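**Student:** Got a structure for you, questions after.
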Amino acid sequence: MTAAQVESMLDSETVAAFRRDGAVALRGVFSAEWIAELRDGVARNMAEPGIYAKGYTPEGRPGHFFGDYCNWRRIPEYEDFLKNSPAPDLAAELMGSRTVVLFHEHVLVKEPATEERTPWHHDLPYYCVEGRQTVSLWVPLDPVPRATCVEFVAGSHEWGKRFMPTKFKGQAYDRADAELEPLPDIDAQRGEYEILGWDLEPGDAIAFSFLTVHGAPGNLQSGARRRAFAARYCGDDVVFVKRQGEVSPPFPDVRLAHGDRLRGEDFPMVRG
Ligand SMILES: O=C(O)CCC(=O)C(=O)O
């Protein structure tokens with residue numbers, strides 16, 4: 001797909017909203033075929049979980065919250081989507097970047113009746129990268145009503161803050177960078193923030209910056225699965241960083257130096 005075609009997929013208000021709010025809903029950007037391919041990939045992933053797969057639902061609780069990441073090299077459906085779907089072109093347009101590097105994919109499935117929330121957090125302090133040109137495309141593979149949608153604090157990507165990562169089970173990171181600060185209690189003061197969330201259909205996506213604060217409710221309302229595939233991309237200004245603390249994903253085989261452009265087998269350039 002050419003840059004001109006991408007322009008016509010994303011109107012200027014959508015791009016402006018992404019840059020202003022740090023999160024925006026994209027409507028009807030993926031065909032039914034791409035969604036079917038991702039569903040096949042998620043089925044394969046759940047049948048053959050990767051080394052980082054996690055179940056966040058305690059034994060005996062209803063539902064199941066499954067998470068896994070960094071599997072695109074062994075799951076062909078993921079690789080095809082991440083490289084050949086409209087996702088890289090959407091990422092280029094939203095980030096305003098000539099190049100698009102694949103960072104990783106992250107799958108988050110909440111089965112019906114799952115109570116566990118995804119805690120409020122922003123992604124950049126978990127990651128071994130720094131830069132402003134970043135985007136995650138959160139692609140729902142089931143209809144997602146507003147009540148179970150991931151929520152975003154509008155404008156939080158511009159707060160100039162780096163918050164302490166929290167594990168999805170709620171506990172703090174064992175080794176966190178010293179300069180990170182605790183996240184404010186968003187739920188205790190929801191009225192103070194503009195909280196964004198949407199009713200979504202398969203084919204839609206949410207685009208958000210690695211710095212936008214977000215969290216998600218359990219899956220108690222819809223009676224349907226809530227399968228989501230997040231495609232994470234970096235643009236021209238993003239570099240590899242060595243953090244003092246733990247990073248997630250860990251990328252144990254990456255040999256880049258602090259400040260290097262992302263490259264190599266783990267971080268293929270998918271546009272540019
Ligand atoms: O799907 C969820 O529950 C959370 C998604 C998320 O935190 C992310 O994609 O960064």
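**Student:** For the range 39-64, which residues satisfy the criterion of being closer than 15 Å to Phe229 by Cβ, in contact with a Lys or Arg (Cβ under 8 Å, 6 or more places away or on another chain) and open to solvent by less than 40 Å² (accessible area, probe 1.4 Å)?
**Tutor:** Val42, Gly50, listed by residue number.
**Student:** Moving on. Taking the criterion of being farther than 26 Å from Asp142 by Cβ and not basic (Lys, Arg), would at least one residue in the range 205-213 satisfy it?
**Tutor:** Yes, because at least one residue in the range 205-213 is farther than 26 Å from Asp142 by Cβ and not basic (Lys, Arg).
**Student:** Then there's this: Looking at (1) surrounded by fewer than 23 Cβ atoms within 10 Å (Cβ to Cβ); (2) within 11 Å of the ligand (Cβ to nearest atom), find the lone condition where Ala154 falls short.
**Tutor:** Of (1) surrounded by fewer than 23 Cβ atoms within 10 Å (Cβ to Cβ); (2) within 11 Å of the ligand (Cβ to nearest atom), only one is false for Ala154: (2).
**Student:** Can you tell me which residues in the range 184-208 are within 16 Å of the ligand (Cβ to nearest atom), open to solvent by less than 10 Å² (accessible area, probe 1.4 Å) and either of a type in the set (D, E, K, R) or part of a loop (DSSP other than H, G, I, E, B) (or both)?
**Tutor:** Scanning the range 184-208 gives a single hit, Ile186.
**Student:** Within the range 223-272, how many residues turn out to be open to solvent by 50 Å² or more (accessible area, probe 1.4 Å) and either within 20 Å of Val42 (Cβ to Cβ) or part of a strand (DSSP E or B) (or both)?
**Tutor:** Qualifying residue count for the region: 5.
The values are calculated or read from the model by the stated rules, or taken from the named source; none is laboratory data. Note that the coordinates shown come from a computational prediction; the quantities given were computed from them, not determined experimentally. Note that we place each Cβ from the backbone using ideal geometry, even for glycine, and neighbour counts take in every protein chain shown. Ligands, DNA and RNA are stripped out before the accessible areas are found, and what is left, the full protein with its side chains, is counted by its heavy atoms. Shrake-Rupley method; radii C 1.70, N 1.55, O 1.52, S 1.80 Å.
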